[in-house]
Amino acid sequence: FDGNNLVLSAKYSLINSAKELPADATQFDPNSVIHGYICNIIESGCFVRFLGRVTAFSPKHKAIDNPRADISESFYVGQSVRSHVLNVDSETGRITLSLKQSSCFSKDASFLEAYFLLEEKIAKLQLPNSENSDFKWVRSFSLGTVVEGEVHEAKEFGVVLSFKEHKDVFGFVSHYQLGGTNVETGSVVQAMVLDIAKTEHLVDLSLKPDLVSRVKEHQPSFQNGKKKRKRDVILKLEVHQTVNAIVEIVKEHYLARYASIADYNTQKLPHRHFVNGQSVVATVGALPCPSTSGRLLLLLNSLSEVKETSSSKRAKKKSAYNVGSLVEAEITDIKPLELQLKFGFGFRGRLHITEATDDHNVEDPFKKFRIGQMLTAKIVEKIDQSEKNKSKYQWELSIKSTVLSGSEEMADGLTTDESNFSTGRSVSGYVVAVDNEWVWLTVSRRVKAQLFLLDSSCEPHELQEFQKRFTVGKSVTGYIINYNKEKRMIRLLLRPLSVVSRGVNNNTMKIDDLGSMVSMENVGEHIHEGDVLGGRITKVFPGVSGLFVQIGPHLYGKVHYTELADEWLASPLAIYEEGQFVKCKVLEVSRSVKGTMQIDLSLRNCTKDTQNPNSLGLQNDQEFPSPRIERIEELKPNMIVQGYVKNVMSKGCFIMLSRKVDAKVLLSNLANSFVENPDKEFPIGKLVQGKVLSVEPLSKRVEVTLKTETTGNASKFEGRDFSSLHVGDVVSGRIKRIETFGLFITIEQTNMVGLCHVSELSDILVANIESKYRVGERVVAKILKVDEERHRISLGMKESYMKNTSNVPEVLNQTTGDSNDDRSVIGDCPITSLQACSIPSAEDSEDESAYAQYPVPTYDKSRASIPPLEVTFDEMDDSELANIGGENQEHLTEVTNPTEKNRRREKKKAKDERELEISAAEQRLLEKDTPRNADEFEKLIRSSPNNSFVWIKYMAYMLSLADIEKARSIAERALQTINIREEAEKLNVWVAYFNLENEYGNPREEAVTKTFERALQYCDPKKVHLALLGMYERTEQYKLVDELLEKMLKKFKRSCKVWLRQVQCILKQGKDGIQFIVKRAVVCLPRNKHIKFLSQTAILEFKCGVPDRGRSMFEEMLREYPKRTDLWSVYLDQEIRLGDADVIRALFERASSLSLPPKKMKFLFNKYMEYEKAHGDEERVDYVRRKAVEYMESALT
């Protein structure tokens, strides 16, 4: 009782032994064992309470067998215990107990019986109602009986059975209880009931043939007589009888059948480990009865089972195993990559998946093994006990036939064939882990391998299913790219390596020699021309720049715009997106001297086009379009080609025929009709088809026409008859081109073009020809001269020519109409007149070149007389200008109007002015003066494509026009155009690009960083870092300067130049820390660079730091190298610059007093003499001369 409260206990041990429990101290007998429970735990021991308030104390040294154990971790308050009474003090009433397991172990099965009763109570409390409180389904699954069930599911840890009569009850058969039986889902099997979990509605079963057959032998028709036969067998056992038992199931608190793992006093102590199939010696604690739920309860013999005997210890010591010993081992657990085995007296080992069979291509080599199966294995390695896996196993085993037969030797834990992995060799392994981009494999017990995502296949759909293709335990065969012996890590590739690899000198190198190469992964030596690879698009460039494709962990390639698809598609980039997997072919691999790689890829599935001529709309007599042109020599005149517009200019455009061949298309050859706005009608990236006009392999120039030919048009050939044109005829036509010297007019109904010189346009001087006339305008002119030999037609449009002419066409009245009417008339022209309105191609081009070989640019007034500057387009030479001038004189002689003299003078004056402007433009080009417009820049670029100065000036010109995007595009063009060997020129462009992004980038720092990271891929990293550092210093971004310098000092710590830049930066910012930097530099730099660094640092101190520190550094160097006249000279120069005469003369005295060779002394005396002549007087000069003479006399003697 506790006051007025009644304290109750439901502990089974107390209820079962209530009559034996003492009520006071007088009822305790020494050496008796009594049930109680722990009511309090202190550091020195614990208190045990019995009935009422009767309490006893157990000291710590009497409570537990292990004196080092913590008593609070061995017991808990409320724990039921058996206590051994040691002493009873009748005077004080104190009772001393012992709780040691050795003296208090159970002699009955009450502890285990209490556990099962508590489990049954919990199961009843969990029922939703009391109707099923009798657990009717349990009656169908009596312990030790055989039941039938259907295999519901097979899992990694065992087999699940279902029962027709009890849908909510499932049976479980562990791998050990399968006994080597193969079962299939849906099959009906007979199994023996081992244990029942009422709360979980789960029955533990066994399919072991010996157990099932034993029950059937005793009871062939296991129906009514089964329980009777079982009872007869059980009745032969007696309580306290010692029996031998086999562990069938290991539960958390007990073994089936049925023994407790723990006891009253050992509930919190570490339990002994038991395994299935283990033999134990036990004592019968209780026979099957309702209180035990029909279980036979056993007590493990504590002396023979809990503690090892001395004889067993001696037996274990005698069981010594060595590498190479054959053992009989039992499988205790099966995992995806290993088998866990036990052998001998408690020895445990591991069988790695690579040691299960000699053929590593076998899928699931553990499939034929079962838990409990015995194997004959050989010990191949002893595990170091200091390793983390000490508690798991001590031995590495192998069952490979080559190992068991002794044909394969072992050394240092690795077999002979594992100790050397050469590049190109085929190896197999099993998947250990898979992530988004890597597969990790095990090739042997100690050697691992890794397979990159893009190295696993070249098919996009397989790359997409990367993680699904590689599951843990799957066998994978690949080829070695490289092998890191220190980390024992192999880099694999699933495709075979090429037989021949190209070295630096293009020498042939066998695959076996590749094993000595260093880090093939970094240089991509396994990539060769013609290889088909898997790739992933990382960047889709705008315009026609193509794609950037990743083909390795740190390896990327470029796909040209013409290599995106097999067919010529109008928009090939539309079918690609970033992150998409593609199949690509290596077209070319180029390596620079600096070690950088440039890889050209193709996404086309075949090397030759398979287009149908009819699908391109070609006539039967036209040549079929050729495949991608790799060399300019493959082109021939009149060959039909296709390509994409690469660049559009006022004089025409360039088209890409392939990744190596471009072609130019003049404005006159863009279409049959005149193209007024090439930028709109021929945007960059447009797919076009044309015919090759000319090929110049030496100059790498190709000219193409996009005009379509028509056949069967007689007027085209009739129009070529000059005899039909007569001087004095008035003809109508359209203005084809406007030049500064006149108009080109296409005569209607012909393919001929005539020139109306500016002097023949009007009776009045035309100041601005472009403001009065426009292209496409219909005009009427009079034929002044026809030169059939030179294919020239001279026209005149003066009103005076038309006064006495009666055959003026009616279109004269239409020339004053609206411009829209003129355009409509052009649109209604038939095909032949459209050809006449355009600049002739092929033969007609001769007529035009007779006047001037100008393309049609859009001129403004300031550059109206400057010739075009595109080196790839036709240019006008002085002889043709002279011809035009001579032709003008012929026109003038035919005019008899007296007012022509004044006009002649004005025209001559205008001509002279134009000549002066042309000469000035040519003079600027000769003097390398900066061009004044985009056309002049384009000409310079064509003439000097590798000159970074021209590109940078072009960028500056665009920035002056506030066209930032155009300046960026020019920078990108420069980086693509400049030859890869011209690294210095490319670096200049990158520096200009840095400055551009630093000024106009948004956000500025991020834009500069991205450009900087791109530059690192193409140029020397140190030069790029120094260039970026210089830009930061010029723009006074000192925070970024400090961050970049810190990175550079780590990356280029052996570079003297980098350390000097750090010194210069500190001095410029006026910070402290020079001495610390000097010490760091001396430690990091090679010894041969110390003098250079220290002398340059001293010079910087003299110039922008503290001169005294510079003197100290020079003095320290001269103490170590006193005979180096170069140090003396630099030191003297710095002092002379400061101008302290006393210090300078004292330094000269020290230098001239040295004992050096005459040649070096002569140098010092000459320097001394020059100083005195410049800053001293005659007396000082004589003094130096005398000192030099004294040295010579002493040297001679």
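So that you can scan it fast, the table gives a plain yes or no per residue for (1) more than 29 Å from residue 912 (Cβ to Cβ); (2) assigned to a loop (DSSP other than H, G, I, E, B); (3) not assigned by TED's automatic domain parsing to the domain that holds residue 668:
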residue	(1), (2), (3)
727	yes, yes, yes
733	yes, no, yes
738	no, no, yes
750	yes, yes, yes
755	no, no, yes
762	no, yes, yes
774	no, yes, yes
781	no, no, yes
**Message:** One residue is enough: does the range 447-457 have a residue meeting the conditions more than 20 Å from the chain's Cα centre (by Cα) and in a strand (DSSP E or B)?
**Reply:** yes
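Out of the range 1079-1089, which residues are under 14 Å from residue 1063 (Cα atoms) and of a type outside the set (Val, Ile, Thr)?
Taking the range 1079-1089 first, the residues under 14 Å from residue 1063 (Cα atoms) are 1079-1082.
Across the range 1079-1089, the qualifying residues are 1079, 1080, 1081.
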**Complete:** Taking the range 1070-1115 and keeping residues loosely packed, with under 14 Cβ neighbours inside 10 Å, of a type in the set (A, V, I, L, M, F, W, C) and not in a helix (DSSP H, G or I) leaves 1106
**Asked** For the range 759-782, which residues satisfy the criterion of being surrounded by fewer than 20 Cβ atoms within 10 Å (Cβ to Cβ), of a type outside the set (D, E, K, R) and closer than 16 Å to residue 907 by Cβ?
**Response** 762, 764, 765, 766, 767, 768, 769
**Complete:** Exactly one of 119, 113, 165, 150 is within 57 Å of the chain's Cα centre (by Cα) and over 30 Å from residue 26 (Cβ atoms), and that residue is 150
**Prompt:** Taking the range 164-177, which residues are among the aliphatic types (A, V, I, L, M) and touching a Gly at 6+ places or on another chain (Cβ under 8 Å)?
**Reply:** 173
**Complete:** Log entry, pairs with first residue in the range 943-970 being more than 16 Å from residue 990 (Cα to Cα), second being assigned to a loop (DSSP other than H, G, I, E, B) and of a type in the set (A, V, I, L, M), beta carbons closer than 7 Å, six or more apart or on different chains, reads 943/871
**Request:** Specify which of the listed residues (852, 836) is at pLDDT below 80, assigned to a helix (DSSP H, G or I), surrounded by 15 or more Cβ atoms within 10 Å (Cβ to Cβ) and within 60 Å of the chain's Cα centre (by Cα).
**Result:** 836
**Item:** Selected residue [free of Cβ contacts under 8 Å to residues at least 60 places away in the same chain and on the phi > 0 side of the Ramachandran plot] from 346, 324
**Value:** 346
**Prompt:** So how many residues does the range 111-141 have that are outside any helix (DSSP H, G or I) and either of a type in the set (Asp, Glu) or modelled with pLDDT under 80 (or both)?
**Reply:** 10
**Message:** Among (1) over 23 Å from residue 259 (Cβ atoms); (2) at pLDDT 80 or above, there is one condition residue 4 misses while meeting the rest; what is its number?
**Reply:** (2)
**Item:** Sole residue being at pLDDT 80 or above and over 14 Å from residue 288 (Cβ atoms), chosen from 250, 243, 193
**Value:** 243
**Message:** Checking residue 785 against (1) over 60 Å from the mean Cα position of the chain (by Cα); (2) surrounded by fewer than 21 Cβ atoms within 10 Å (Cβ to Cβ); (3) part of a loop (DSSP other than H, G, I, E, B), only one condition comes out false. Which one?
**Reply:** (3)
**Prompt:** Does residue 699 satisfy the condition of being assigned to a strand (DSSP E or B) and not assigned by TED's automatic domain parsing to the domain that holds residue 570?
**Reply:** no
**Message:** Condition first: assigned to a helix (DSSP H, G or I), touching a residue at least 24 places away in the same chain (Cβ under 8 Å) and touching a strand residue (DSSP E or B) at 6+ places or on another chain (Cβ under 6 Å). Can you find one or more residues in the range 420-433 that meet it?
**Reply:** no
**Fill in**
Among the residues of the range 421-436, the number that are at pLDDT 85 or above and of a type in the set (Ser, Thr, Tyr) is 3
**Message:** Quick check on my filter: what residues within the range 460-501 are among the basic types (Lys, Arg) and part of a strand (DSSP E or B)?
**Reply:** 491
**Item:** Long-range neighbours under 9 Å by Cβ, at least six apart or interchain, first residue within 24 Å of residue 358 (Cβ to Cβ) and surrounded by 16 or more Cβ atoms within 10 Å (Cβ to Cβ) within the range 474-497, second hydroxyl-bearing (Ser, Thr, Tyr) and modelled with pLDDT under 85
**Value:** 479/423; 480/422; 480/423; 483/422; 483/423
**Complete:** Scanning the range 303-334 residue by residue, those at pLDDT 50 or above and not in a loop (DSSP other than H, G, I, E, B) turn out to be 326, 327, 328, 329, 330, 331, 332, 333, 334
**Request:** Could you figure out which of (1) assigned to a loop (DSSP other than H, G, I, E, B); (2) of a type outside the set (S, T, N, Q); (3) in contact with a strand residue (DSSP E or B) (Cβ under 9 Å, 6 or more places away or on another chain) isn't true of residue 349?
**Result:** (1)
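The values are calculated or read from the model by the stated rules, or taken from the named source; none is laboratory data. This one's a predicted model, so the numbers in the text were calculated from it and none came from an experiment. Using ideal geometry, Cβ is built from the backbone for each residue, glycine included, and neighbour counts are taken over all protein chains shown.
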